[in-house]
Structure formats: C-alpha cells, structure tokens
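The values are calculated or read from the model by the stated rules, or taken from the named source; none is laboratory data. Computed from a prediction, not measured in an experiment: that's the story for all the values here. In this analysis, Cβ positions are derived from the backbone assuming ideal geometry, glycine residues included, and neighbour counts consider all displayed protein chains. Side chains included, ligands, DNA and RNA excluded: accessible areas come from the protein's heavy atoms. Shrake-Rupley method; radii C 1.70, N 1.55, O 1.52, S 1.80 Å.
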Amino acid sequence: MAKNWAIAVGINQYDYLQPLNYAKRDAELIQQFLRTEAGFDRIFFFSDDSPDIGGKSTRPTRANLRRVFLELFNQPFMGAGDNFWFFFSGHGMRHAERDYLMPLDGNPADIEETAIPINFVTERLRRCGADNVVLILDACRSLAQKGGEGIGRQTAEEARQQGVISIFSCSPQEYSYEIEALQQGAFTTALLEGLGVRGQCATVERLNQYLNHRVPEIVRQHKSARQTPYIIAEPINKSHLILVPRYATLTDIATLKNDAYQAEVNRNIELAEQLWIRVNAAASGKDMDAVKALQRIERLRSTQANSDSPKRKSWQLFPGQDKSVEHQELPSAIPNDKSPNPKKVRFKPFTTQLVSLLQIQPVFEVIGIIILAVGLTFFFQDTLRVNRVDSSNKTPLISTGKTSPSTPVPIVTNIFSQNIRLEVKLKERKVYVYRGDILQAKYQVAIGRKGWETPTGSFQVRNMQRDPSYLHFLTGKVFAPGYDNPLKKRWIGFWTDGRNEIGFCGTDQPNLIGEAVSHGSLRMLNEDVVKLYEVVKIGTPVIVKN
C-alpha cells in the first residue's frame, strides 16, 4: 500500500515581518483535509503554537525546520507509488536571484543567514524516495518587496529540473491575498475546493484548470485585485498524475495507462512501474492491466538480471574468426494476452533448432545463415499475411463505436523508430500527418457526435486492415468487404475497450465529412484513408486534441 506523508507549515506571528491573519488556519485546514479526505498516513505540522512532539519543538523557526529536513530526509524511506506533500503558508522573499521561505524568525535584513532557500527544500524532499513530490507555496506576501519580484522564477526552474510538482499561489509579480470574509487565504480556499467535493480535481491538470479560474474569481469578489496561481508539472506525464484517487474518473486512469504503456515502449522501466502502481491504486487494486504490467516488469527485471551473468560463446560467424555472437532473446513487444499470434509461437522453436544445428556442425555455418535468412523471409511474409484482411472466414470483424466514452484502453506495440505521427484536432475536424516536425499532409474528417464523442488523448495505431469486415455494434449485422461495407476499403484502429474499436475509416456518406456524426470513429474520404493507410504502421502515434 502506498505511503502518503506531508509537512504543513503555517505562520501568523513573525519576529521581524508583518504578521499574517490566516496562514496558520490555512495550514490547519490543509492538514485536516490530507488526513480525513486524502487518506494521508502521517503529517508533520508546524505553526506558531503547535505542541512539542517527543520533547522537540514544532514551532516553525529556521533551526527546527532545517532539523526536520536534515534528519527526516537523510536517506530514502519511500518508494514507487508513494506521495510526499509540502505545504507552506507564510512569507516568501526573493534575494540575490534566489527564492526563500521566511521562517518565524526570518529576518529580511539578513535573509541568507535566517531564511530557508527553496531549492534546499526541494532537494531534501526529493531524497525521500517518493516518485510524486508536491510543493505547495502560498508565500508571495511580503510587503517589504512591494513593487518588486516575489518568489517563483528560480523555484519554477528548480521544479523542472527536480521533477517536483510545484503549485504557486500567485505569479512572481503579484501578491497572495488573505480574505477576511472567508477567514482564509484566497489560494488555499480555492485549493481545498478543487481537491475536495466541489472541484473533484483528481489530477494535476484538472487542479491547475480549477485554480486558474477560481482564485482570480475569489480575489475579484473581495479585493478588486489580481492573483494568478500556476503549476509547474514537468515532464508532461506529471500533469496526468492522480492526486486524489477517490475522484479519479475512468478517463483519468486511461490517460495514466497511456503514459505507463509509453514508458514501457521506451524501456523506461522505473517510470513504467511507478505509473502502473498509480493506475492500480486509483482503481483500488482491481485493474488487471496494471497487475499484468507489474508482473511483466518483474519478469523483465529477472531477465535483465540473468542476462548480466557471463554468456557462453554459441557459434562463430566463420572458422577462425574471433568475434562471437552470443545467443540471447531479442526484446519483445508489450504482450497482448487477448490476441496471441500462433505463427510467432511456432517460429521460436524453429530458430532454436536451427541455431542448435549450427552449433553442432560449424562447417555448415554459411549454409545455415542462408537457410536462416530464407526462413526469416517466409516468416515475415507470413506475419504480414496475418495482418492482411481478406474475405475468408478468418477475417477479423471490426465493431466500431464507443460503448464507454471515457474508457480508452490503448494497445501499444513495440516498434522500430519511425518519424510519422498523426495529430487530430477535433474542433478543426482535421487530421494532420507529420514526419518529425514537418507537415506532410492534412485531411478533413467526420468526428463523433454528441454522446459518442471521439476520445481525446495519446494513442497508437493498433489494428490495420485492408477491405475490413464490419460487425455493427448496435444491430449485430455483419457486413462483408465490398461496396456495401460502411468502413469501405481501409480500417486504422487506435482505441479499444476490449470489444469495440475506434479508428480511421472510409465512408459511404462523403457529404458528411467535416461534421460530428459518427459513433466515435474518424470518417474520411475513401481516397484519403487509402493514402493515410500507406504512411502509417502499427505503433504510429495518434494524438487526439479538442
């Protein structure tokens, strides 16, 4: 089970700075939310009058805060799937191009010796070992710097480098307001709303959208001023992380799955494991894709560990040549347990026997290599025939339509590098074909109608068929390849819920291209989908945007 720990600091009474009214209350409310609503296990709380713990003071002085950072974060104590949050409500100051948090005894006349650099905080937080570290700062309040730049610029850069999700109450040139009518800070009011039942912002991305709308609204109502919060979440998959699992939607989980699959494809095993753990946590441990993926990763680690051991020399290319080829399995694609390929299963014993023959009879090595090349040629031709569609009884049936609009489950295939990618812009009703950063072509499409919207997100081509057969997902009617088939000549699938698919296809109603009329799929002119079919392959990225 994941660990969820936090530090919450709220300072009202400063020794050398103007007092604040509601910073302590903000920290208390954050602490209460994390414990009762977000299910955090342990929260370290520091405020003006917080009680001693174990004989040690919890007043937020520089010495006390540094002691916690130095002792608690001396070595990793958390792991993949764990969360550590740091919330600070108080004064913040910028000095000599560096951002500082002002503790209770922080002196603006001697910032370097009495304040705490924020980069020190982020560096220590990263040491805890949790892959999700969240830094929340409601700290741009110092009147001593009115008219100057507040904290944020340096901290934002540090956040990008450290991979820490950083949430700022306002922009560097703005002031973070306390609202007397609310008995809270404007930012913390909106933050608790967004994370709670009012906003139900399960992910970083949705929380950012909520704060960008709600904080300025609160400040305009009570202060007639401007306050613009912002979030730094890099790399981009950080914005998909689920902060509050209880409010996670199927779309949130599916997006996180996409990131996890992609991490596996990129052989970033550590990241893939972290993301799959979070998928499973958001699904209350009941997501079988996540369970299988974690088992897959564990097997891969075992395979890698075994491959690190000394290997025997299996056979030489030519007699007398020193260079040897070591027998080892090639990295495989991410398995699709639902649709194993029996032809590939038969291929492995054939190659094993051939290699064994070459080991026994070195004199026939050259002939063996030729035989192997011929065998590979027939194998790959056979593999291509598996993906090719004809009118025989073995033709797979395509059933389009989105039975569950918010549950895209992409099937990701490990492929050799390619530069082609597709970007679909639903508002424009167009698909753009890029090779690298260069636009190659664009085509008009029809998109999903209301109630059957085309799913947005990052996917990959998972199914390609010429002259596909079609099973109507509502009526059950089967259309054989040919003139009457609604999909016409090509099918390029990129989304599935395990039963139905969504993808690019032709149409028997070309007059509706550009409209929102489908059950989720992207209809194209028949000549256009034929052209698109020729430039994509299994694994081609498909990005669908609003």
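Within the accessible surface of the stretch 1-92, defined with a 1.4 Å probe on protein heavy atoms only, the carbon and sulfur portion equals 47 percent.
The alpha carbons of the stretch 171-269 give a radius of gyration and a Dmax of 16.2, 53 Å, in that order. Using the average count of surrounding beta-carbon atoms within 10 Å as a protection proxy, the listed peptides 511-520, 20-29 rank, highest first, as 20-29, 511-520.
What does the convex hull of the alpha-carbon atoms of the stretch 495-541 project to on average, in nm²?
Values: hull surface 16.0 nm².
For the stretch 495-541, the mean projected area of the Cα convex hull comes to 4.0 nm².
Compute the accessible area per residue over the stretch 426-546, keeping the other protein chains in place, probe 1.4 Å, unit Å². Present the calculation step by step, with values, prior to reporting the outcome.
Values: 5660 Å² over 121 residues.
I get 47 Å² per residue for this part.
Taking the centroid of alpha carbons for each part, the stretch 227-305 and the stretch 109-144 are 27 Å apart.
Sorted largest first by accessible area at a 1.4 angstrom probe radius, with every protein chain in place, the residues W452, W495 fall in the order W452, W495. Exactly which GluC sites (Glu not before Pro) in the stretch 68-156 are in a DSSP loop and have at most 15 other Cβ atoms within 10 Å? Counting only loop positions with at most 15 other Cβ atoms within 10 Å, the GluC sites (Glu not before Pro) in the stretch 68-156 are E97, E149. Expressed as a whole percent, the accessible area of the stretch 417-546 that falls on carbon and sulfur atoms is 47 (1.4 Å probe).
Once the C-beta distance of N546 and L439 is scaled by a Förster radius of 25 Å, the resulting FRET efficiency is 0.80 to the nearest 0.05.
Pairs spanning more than 23 Å between alpha-carbon atoms, out of K427/K489; K257/K292; K442/K537; K257/K488; K24/K223: K427/K489; K257/K488.
Leaving out ligands and nucleic acids, note down the accessible area per residue over the stretch 60-213 with a 1.4 angstrom probe, in whole Å².
Details: 5460 Å² over 154 residues.
Counting only protein heavy atoms, the per-residue value for the stretch 60-213 is 35 Å².
Electrostatic bookkeeping for R124 treats Lys and Arg as +1 and Asp and Glu as -1; over the other residues with beta carbon under 13 Å from its beta carbon, the sum is +1. For the stretch 467-531, the spread of Cα positions along the three principal axes, ordered from largest to smallest, is 27, 23, 20 Å.
What full-extension length gain, to one decimal in nm, is calculated for R246 and H95 as 0.36 nm per residue of separation minus the Cα-Cα distance?
Full extension of this stretch gives 50.3 nm more.
Entry for the stretch 21-125 at q = 0.20 Å⁻¹: log10 I(q)/I(0) = -1.22, Debye formula applied to identical alpha-carbon scatterers, no solvent contribution.
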